[in-house]
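Scroll down for the structure; my scribbles are underneath it.
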Amino acid sequence: MNLQLLISGTSMGFVYGLIAMGMVLIFRSVGIMNFAQGEFLMFGGYICYMFNRIFNIPIGISLILSSLIMGVVGAIFMRTAYWPLRKAQSKAIIVSAMGASIVLKEGARIIWGSIPVSMDKVADGTAKVSTASIQWQYVAIIVIAAFLMALVYILLEKTFIGHIMQATAQDQYMASLIGIPVIVSIGLTFALSAMITGVGGGLLAPIFFLNNTMGMTSGAKAFAAIVIGGFGSVPGAIIGGLIVGLVEAFGGAYISTTYQLVLIYIVLVLVLMVRPQGIFGDRIQEKA
Amino acid sequence: MLKVNNLVANYGRIEALHGVSLEVGSNEIVALIGSNGAGKTTLLNSISGHVSVNGKVEFDGEEITKLKAHNISRKRLLQVPEGRHVFPGLSVEQNLLVGTVIDSGIRIVSGNYKEDLEMIYHTFPRLKERRKQLAWSLSGGEQQMLAIGRALMGHPKLLMLDEPSMGLAPIIISELFEKIVEINKSGTPVLLVEQNASLALCVSNRAYIIERGKLTLSGDSKELMKDPRVCEAYLGKAK
C-alpha cells in the first residue's frame, strides 16, 4: 500500500464527498439532481482566491468568508433557477440548473479571467513518513472536510433548524400547513449545500490551480460518487466520494492517468452490477 | 371564529367550489360531510391557503383570504390533512416539536416544550412509548394521533381535521374520536371533514352537507341525523 497515494486519494475523496453531499442535500430537499453543483466548487474556489490573493486576507479567514458568500450564492441560485420552476416538470429544473452552471462558469471568467490561479495552502510543507512524502495540505483537506461533514450532520440531526429543513424536504405541503415558510427552509438547504461545496474549491486550488471549467469534471465525479454510494444517502455520498478519490489516485498511479475517469466509471458499473441501489441505497426511495 | 363567505375555488378552468359559506363558532365541533369528490378537501385547502380562491375567509376577526399558506397557519388555524402526512424521517418527538415552529419561527434550538409534550403524551399515551421511533414506522392510527398531536403543539385556535378516520380499524376510530371530543372540550373548536357521516354527526354539534362543490344542507347534527334526505344518501337507512 502506498501511503502517499492513500492520503492524496482520501483527501480528493473528501472533496468529492463535499460536492456529493451538497448534491444529496438538494436532491433530498427538492428531488432534483443539481448539475450546477460542480460550479459551486469552482465559484467558491474563486471567491476564496479573491479574498486570499487580491485582498490579501489569510487563507483560513478567506475560506470562512468564501463559504458565507457561497451561502448567499446558493440562496440566489435557489430563488432564480429553482423556485420559479418548482411546479414545472423536473426536466425544466435540470435544464435551468445547467443554464445557471453556464452563468457561474462564464461569470467567473468575466470576473477573474481564464488564466488558472492558485492561492495559499492551509498547511504548508510535506511530512516524511519512511519513503512517502505527504503534503500537509492533503491532511488539512481531510480534517477540514470531515469537520464540515460532522457539522452538517449535527445541524441536520440535532438542531431544530435541521429538523425544520428535513421536515420541509420530506413533505413541503405539510411543512407549510404547520407554518414553515417553505421558501426560507429550502433556501437554507441550498445555502448549506453551496457553502460546503464552495469550501472544497478553496481547499483544492493550491494543489490543482483554479480554472473556470473545473466544475464540470468534479461535478461528474461527484455524481458517480452519489450513484456508487446510493442515490439520496448522505453517508453514501461520503463513502462514494472516498471510493472515487481512491480509484482515481491508485488507478492514476498504477494504470493510467489518461483513463482515470474511465476507471471511475468502470467501478461505478461494477458496483451497480452487484448492488443496483448503490452501497447505502434503500430499495424504497423514500425522501426520508 | 371562522367565517367563510361565498368561496369560489378553481383548479385551472374547472370550478371546484361554487360559492360556499360556512361558519365555525368557538367551542363547537362542526362536521362537513360529503361523498368522494364533493369538494371537502378543496374547501379545507382553500381556507388554509393552498388553493387560490375568490370570496372571503375571516378568521378570528381578521381577513385571511389572500395570505400565504404558512402565514395562515401562523394565525393558529391548523389543518391536519387527509392521509396524515407525518414527517416520515423524523422521530415522533421531533415531529411534535416541529409543530412549534409557529411560535417563533426557524431557530437553532426548539426551546423548552416539556409541558406541551407531556400534555400530548397524556392525551395519546401511545406516542410517548414510541417517542424515539421514526414516524414512518408507526401504525396508521398512531400516525393520525401524531398528526393531530403535532397540530396541538401549535396551540390551534381552530383545528381542521380532514378524514381522520380514513383507513383505520373501527376500534381505533372510536378511540380517536373520543380524543377529538376531549380536545374540543378543552377549548379548541374543530372543523371535521368526514365521509363517515354517522360518526361525524354523532360527535359534532352542527354539520354541513356538501355536494358537488355546494353546501346543500346544514343544521344541528342531531336533527340532520333524522332528516330523511341525509338518512338515505349518507346513513344508508331508507325511510
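The values are calculated or read from the model by the stated rules, or taken from the named source; none is laboratory data. The shown structure was predicted, so the numbers you read here are calculated from the model rather than taken from an experiment. A quick note on method: Cβ atoms are made from the backbone with ideal geometry, for glycine too, and the neighbour counts reach across all protein chains shown. Areas reflect the complete protein model, heavy atoms only, side chains present, ligands, DNA and RNA absent. Shrake-Rupley method; radii C 1.70, N 1.55, O 1.52, S 1.80 Å.
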Does A:Ser193 satisfy the criteria of being open to solvent by 20 Å² or more (accessible area, probe 1.4 Å), more than 30 Å from B:Leu159 (Cβ to Cβ) and not basic (Lys, Arg)? no
Is at least one residue of the range A:66-79 surrounded by fewer than 19 Cβ atoms within 10 Å (Cβ to Cβ), not in a helix (DSSP H, G or I) and not charged (D, E, K, R)? no
Restricting attention to the range A:24-35, does a residue exist that is under 16 Å from the mean Cα position of the chain (by Cα), over 11 Å from A:Gly219 (Cα atoms) and open to solvent by 20 Å² or more (accessible area, probe 1.4 Å)? yes
Looking only at residues that are open to solvent by 20 Å² or more (accessible area, probe 1.4 Å) and over 20 Å from B:Pro189 (Cα atoms) in the range B:71-87, which one is modelled with the highest pLDDT? B:His85
Check on A:Ser101, of a type in the set (Ser, Thr, Tyr), in contact with a Gly (Cβ under 9 Å, 6 or more places away or on another chain) and open to solvent by less than 60 Å² (accessible area, probe 1.4 Å): yes
Quick check on my filter: what residues within the range A:148-183 are open to solvent by 10 Å² or more (accessible area, probe 1.4 Å), over 30 Å from B:Ile47 (Cα atoms) and either at the interface with chain B (Cβ under 7 Å from one of its Cβ atoms) or not aromatic (Phe, Trp, Tyr) (or both)? A:Leu148, A:Met149, A:Ala150, A:Leu151, A:Ile154, A:Leu155, A:Leu156, A:Glu157, A:Lys158, A:Thr159
Do you know which residues across the range B:78-103 are more than 10 Å from chain A (Cβ to nearest Cβ) and either within 16 Å of the chain's Cα centre (by Cα) or of a type in the set (S, T, N, Q) (or both)? B:Glu82
Listing of helices (runs of 4 or more DSSP H) fully contained in the range A:169-230 that carry 3 or more residues being of a type in the set (S, T, N, Q): A:182-208
For A:Asp124, all conditions in the list (1) within 19 Å of the chain's Cα centre (by Cα); (2) charged (D, E, K, R); (3) outside any helix (DSSP H, G or I) hold save one; what is the number of the exception? (1)
Testing B:Gly140 on (1) away from chain A (no Cβ under 14 Å); (2) surrounded by 22 or more Cβ atoms within 10 Å (Cβ to Cβ), one condition comes back false. Which one is that? (2)
Condition first: within 17 Å of B:Ile172 (Cβ to Cβ), more than 20 Å from the chain's Cα centre (by Cα) and in a helix (DSSP H, G or I). Can you find one or more residues in the range B:115-126 that meet it? yes
Is the range A:10-30 home to any residue that is under 25 Å from A:Ile183 (Cβ atoms), in contact with a Lys or Arg (Cβ under 9 Å, 6 or more places away or on another chain) and not in a helix (DSSP H, G or I)? no
Please go through the range B:29-52 and pick out each residue that is open to solvent by less than 30 Å² (accessible area, probe 1.4 Å) and in a helix (DSSP H, G or I). B:Lys40, B:Thr42, B:Leu43, B:Leu44, B:Asn45, B:Ser46, B:Ile47
The range B:164-185, subset in contact (Cβ under 8 Å) with a residue 40 or more places away in the chain and surrounded by fewer than 22 Cβ atoms within 10 Å (Cβ to Cβ), residue nearest to B:Arg84 (Cα to Cα): B:Met166
Please find, among B:Arg131, B:Arg107, the residue that is within 12 Å of chain A (Cβ to nearest Cβ) and either part of a loop (DSSP other than H, G, I, E, B) or touching a strand residue (DSSP E or B) at 6+ places or on another chain (Cβ under 8 Å) (or both). B:Arg107
Flag if A:Phe250 is out of contact with any Pro (no Cβ under 6 Å at 6 or more places or on another chain) and not small (Gly, Ala, Ser): yes
Quick check: anything in the range A:185-204 closer than 20 Å to A:Val73 by Cα and at the interface with chain B (Cβ under 9 Å from one of its Cβ atoms)? yes
Taking the range A:110-121 and keeping residues surrounded by fewer than 15 Cβ atoms within 10 Å (Cβ to Cβ) and part of a helix (DSSP H, G or I) leaves A:Ile110, A:Ile111
Report the residue count in the range B:53-77 for those that are within 21 Å of A:Ser185 (Cα to Cα) and either away from chain A (no Cβ under 13 Å) or assigned to a loop (DSSP other than H, G, I, E, B) (or both). 4
